Amino acid sequence: MSYTILGIETSCDETAAAVYTPNAGILSNVLFSQIEIQKEYGGVVPEIASRTQLEKINGIVQKSLEVAQVTLQDIDVIAVTNKPGLPGSLLVGVCFAKGLAWEANKKIIGINHLEGHAFSSFIEHNVPFPHICLTASGGHTSLYYIEDFGKYTIIGQTIDDAAGEAFDKIAKLLNLPYPGGPIIERLAQEVNFKDFYNYPRSKKQTTNFSFSGLKTAVMYDLVRRGYYQMKTRTFDAPDKKLVQRQVASSLLVCIKDIFIQKLKLALKKNSSVKAVTFVGGVSCNKYLKEKLGVFCNDRSLSFFTPSSQYCTDNAAMIAFVGSYKAERGEFSDLSLDIF
Ligand code: KG4
Ligand code: ZN
């Protein structure tokens, strides 16, 4: 059976809805971003995130149906992110989805947000199995060995901060706005992605990641150069823009090296893989995409990454995962909880 899926995503600060069918693909992918609201606080404030979602969710779901040119009657299944995420935010999406499913008599499926990211490349590409997926976002950094739809093993993950979190926190040290990733990429480009400060790369032969040490190393390096005051938490330098560019560029090169080192290890342990995918908010980064693409090309591996709208949090990826779960009859019921 070919189900028409309504996907709902509210795990962090985005309020997103999308409509997907296996035959027509993504019919709509709409979202309300809170970046402008959360910017003021330098990061996501959970209560503001969930209250804003509560305000927006009706309108966003309505719009996703309108853009897709369908009505609620045309929807067969509601796929909603129920883990992992901020509890208050997850509750908004899950309660809304449950109410809608109950009232309109629709089937419901709880979706793991990370499974959404891990399969987001499939929205636009035919990725061969088995492959390795590098997910890098503001909340997660993981490596998966993926054998089939819904069949995957975590082969590495961060033991502390996520890669996106490193961009965000280091941007904050440099007095740059949230989210840090896009602005760090722009500043690095202005100095041609050169490595000025040679930040430490761990030599540990593990596929797990650790970015909290990198953030501390950048901070102490700034302190040593007299550009950061620990007591007042202030950044200052004779030429602030120059230091911001140099730190941004050195950081990006360092993170690129870390990603490549981890991929090398993962590929060594899983020699049968045919492709690599790079997903999550950090995969919007053109420099990282290009470097990882070259790395894969040199090893005769295909490389896939979603377009930006499917890299950052979105409901299209949730609807997509909902679709293959529905085909398998993997439905939830109205006792669906959040995790
Ligand atoms: O996937 P996402 O939208 O949300 C989470 O699930 O966390 O990812 C957001 C993260 C932020 O940390 C942001 O700084 C990062 O993705 N990001 C980038 C870029 N665009 C967004 N990081 C590096 N370069 C970018 N161009
Ligand atoms: Zn995400």
Rg(Cα) / (2.2 N^0.38 Å) computed for region 126-275, rounded to two decimals | 1.15
Using the Cα centre as the reference, give the magnitude of the dipole from point charges on the C-beta atoms of region 200-339 (Lys, Arg: +1; Asp, Glu: -1; all else neutral), rounded to the nearest 20 debye.
-> 880
If you place +1 on the Cβ of every Lys and Arg, -1 on the Cβ of every Asp and Glu, and leave all else neutral, what size is the dipole of region 181-250 about its Cα centre, to the nearest 20 Debye?
-> 220
Provide the per-residue ³J(HN,Hα) series for region 28-39, in order, calculated from phi with Karplus coefficients 6.51, -1.76, 1.60 and θ = phi - 60°, each as a whole number of Hz, with x at glycine and proline positions.
-> 7, 8, 10, 7, 10, 9, 9, 3, 5, 6, 6, 3
Residue among N112, Q244, G99 farthest towards the positive dipole end of the chain, charges placed on Cβ = Q244
Distant-in-sequence amide H partners of F303 (H built 1.01 Å from N, under 5 Å) = V276
Hey, in the GNM for the chain with a 10 angstrom Cα cutoff, which one of P130, P238, P177 fluctuates hardest?
-> P238
Roughly speaking, what is the centre-to-centre gap between region 195-264 and region 1-53 when only Cα atoms are used, to the nearest Å?
-> 31
At a Förster distance of 41 Å, what's the computed FRET efficiency of E40 paired with Q73, Cβ-Cβ distance as r, to 0.05?
-> 0.50
How would you classify region 51-91 from its alpha-carbon gyration tensor, with a ≥ b ≥ c the square roots of the eigenvalues: rounded for a/c under 1.5, else prolate if a/b is greater than b/c, otherwise oblate?
-> oblate
Can you list residues whose amide H is under 5 Å from Y197's amide H, if they're 5+ apart or on another chain and H is modeled 1.01 Å from N?
-> S250
Computed [θ] at 222 nm, deg cm²/dmol, the chain (DSSP H ≥ 4; -39,500 (n - 2.57); rounded to nearest 500) = -13500 deg cm²/dmol
What fraction, in whole percent, of alpha-carbon pairs in region 268-326 exceed 17 Å separation?
-> 49
Note on region 175-307: contact order normalised by length, alpha-carbon pairs under 8 Å, 6 or more apart, percent, works out to 31
Starting from the Cα of Y287, move 7 Å in the Cα-to-Cβ direction to define the label point; list residues of region 235-260 whose amide nitrogen is under 20 Å from there.
-> 239-260
Along the dipole axis of the chain (charges at Cβ: +1 for Lys and Arg, -1 for Asp and Glu; origin at the Cα centre), the most positive-end residue among V80, M230, Q69 is M230
Given a cut-off of 25 Å, what percent of all Cα-Cα pairs of region 79-184 lie beyond it?
-> 38
Can you give me the relative contact order of region 153-192 as a percent, contacts being Cα pairs under 8 Å and 6 or more apart?
-> 27
Restricting to the chain, compute how many DSSP beta bridges are antiparallel as a %, nearest 5.
-> 60
Rounded to a whole number of µm²/s, how large is the Stokes-Einstein D of region 242-288 at 20 °C and 1.002 mPa s, given Rh as the Kirkwood radius over C-alpha pairs?
-> 173
One finds, for R299 and N105 with R0 = 35 angstrom and r their Cβ-Cβ distance, a FRET efficiency to the nearest 0.05 of 0.10
Please identify, among Y20, Y145, Y41, the residue showing maximal mean-square fluctuation in a Gaussian network model of the chain using a 10 angstrom Cα cutoff.
-> Y41
Express the relative contact order of region 7-75 as a whole percentage, based on alpha carbon pairs under 8 Å and six or more residues apart in sequence.
-> 35
What value does the chain have for Rg/Rh, both radii from Cα atoms and Rh as Kirkwood defines it?
-> 0.99
Cα-centred dipole magnitude for region 35-169, charges only on beta-carbon of K, R (+1) and D, E (-1), debye, nearest 20 = 300
A student asked for the Cα radius of gyration and Dmax of region 1-99 in angstrom ought to give 13.7, 47
Between E66 and K241, with labels modelled 7 Å along Cα→Cβ, what's the label distance in nm to one decimal, could you check?
-> 4.2
Can you find, among T153, A217, F304, the residue farthest towards the positive end of the dipole of the chain? Put +1 on the C-beta of Lys and Arg, -1 on that of Asp and Glu.
-> A217
Could you go through region 303-315 in sequence order and give the Karplus-derived ³J(HN,Hα) for each residue, using 6.51 cos²θ - 1.76 cosθ + 1.60 with θ = phi - 60°, rounded to whole Hz, and x for Gly and Pro?
-> 10, 10, 8, x, 6, 3, 4, 9, 7, 6, 4, 7, 8
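Read-outs throughout are calculated quantities, based only on the coordinates presented, and are distinct from any laboratory measurement. Model, not experiment: these values are computed from the prediction. No Cβ is skipped: glycine too gets one built from the backbone with ideal geometry, and neighbour counts run over all protein chains shown.
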